[in-house]
1. Which residue out of 108, 60, 82 is modelled with pLDDT under 95 and either more than 24 Å from residue 236 (Cβ to Cβ) or surrounded by fewer than 18 Cβ atoms within 10 Å (Cβ to Cβ) (or both)?
2. Please go through the stretch 99-134 and give me each residue that is out of contact with any Ser or Thr (no Cβ under 7 Å at 6 or more places or on another chain), aliphatic (A, V, I, L, M) and over 20 Å from residue 59 (Cα atoms), ordered by number.
3. If you go through the stretch 105-146 one residue at a time, how many are aromatic (Phe, Trp, Tyr) and in a strand (DSSP E or B)?
4. Is it the case that the stretch 79-90 has a residue that's in contact with a Pro (Cβ under 6 Å, 6 or more places away or on another chain) and under 22 Å from residue 210 (Cβ atoms)?
5. Looking for something crowded, with 17+ Cβ neighbours inside 10 Å, touching a Gly at 6+ places or on another chain (Cβ under 8 Å) and either of a type outside the set (Asp, Glu) or at pLDDT below 95 (or both) - is there at least one such residue anywhere in the stretch 205-212?
6. If I go through the stretch 66-87 residue by residue, how many of them are touching a helix residue (DSSP H, G or I) at 6+ places or on another chain (Cβ under 8 Å) and either in a loop (DSSP other than H, G, I, E, B) or among the hydroxyl-bearing types (Ser, Thr, Tyr) (or both)?
7. Could you tell me whether residue 159 is among the charged types (D, E, K, R), part of a loop (DSSP other than H, G, I, E, B) and either in contact with an Asp or Glu (Cβ under 9 Å, 6 or more places away or on another chain) or surrounded by 22 or more Cβ atoms within 10 Å (Cβ to Cβ) (or both)?
8. Please go through the stretch 100-127 and give me each residue that is of a type in the set (A, V, I, L, M, F, W, C) and either over 21 Å from residue 138 (Cα atoms) or free of Cβ contacts under 8 Å to residues at least 24 places away in the same chain (or both), ordered by number.
Amino acid sequence: MRLGLALFAVLATAACSKPSEGAAPPAPAAVERFPDGFPKPDRPVAGIVAPAWSSGPDRDAADESGQLIRALGIKRGMTVADIGAGSGYHTLRLSPAVGPEGIVYAEDIVESYISGLRREAERRGLKNVRIIVGKGDDPSLPPRSIDRAVLVHMYHEIESPYALLWNLAAQMKPGGRVGVIDLDRPTQSHGTPPRLLRCEFEAVGYRQLGRRVMDGGVGYIAIFEAPDERPKPADIMPCRAPR
């Protein structure tokens, strides 16, 4: 009799502990968001340490700008945004690539970097360069004006990447493309793992068109097409960096 009651108690406990069919899964951990509703990145953000990633001769030897221009199909007459332009390594090389009928917007959030670039562009007589002091979450470019945007060795330094990409999408022309050059290493080590980069771009509606390792050891380049429609900020879910 006691054995039967004990067996009944065990079976009853097991039945109560088993979730019923169709029960809702456990609620996910709350997503940390900025006041504007965009999610905070679920990974470290690297600090801004210098206006240039590396010395010019190293990048010249790798033909970094040439590889970037060819990969994105940058041509004369285009409007290109150099986001996080810093000292202007690429801006000064993009200017002749788009020609006098094109425009290069050199954007950065550190005004002292941009001031130096402005003086250098004036010294060289580059009349197609426009200087923009942007915000950490918004490049502040004219709406629907950009054919190509480049983010070179700086994506890992963006504090609010989802907001920046969301705002940038509205500043791109239909079918506009964004090229990112970075190193395949953790964000806190001043790089971005390619799968994480793709995930964060796709979370905002971008579509990856290609990715390859660049010649000369300067990292990889990933190319994305800007979305026509953007998700609501509250619907964007952060990607998780490899642990």
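1. The unique qualifying residue is 60.
2. Residues satisfying the conditions are 109, 110, 114, 131, 133.
3. 1
4. yes
5. Within the stretch 205-212, none of the residues are crowded, with 17+ Cβ neighbours inside 10 Å, touching a Gly at 6+ places or on another chain (Cβ under 8 Å) and either of a type outside the set (Asp, Glu) or at pLDDT below 95 (or both).
6. The qualifying residues number 10.
7. For residue 159, the condition - among the charged types (D, E, K, R), part of a loop (DSSP other than H, G, I, E, B) and either in contact with an Asp or Glu (Cβ under 9 Å, 6 or more places away or on another chain) or surrounded by 22 or more Cβ atoms within 10 Å (Cβ to Cβ) (or both) - is met.
8. Listed by number, the residues that qualify are 121, 126.
The values are calculated or read from the model by the stated rules, or taken from the named source; none is laboratory data. As the structure is a computational prediction, the values presented were derived from the model and not from experiment. Don't worry about glycine lacking a Cβ; one is built from the backbone with ideal geometry, like all the others, and counts go over all protein chains shown.
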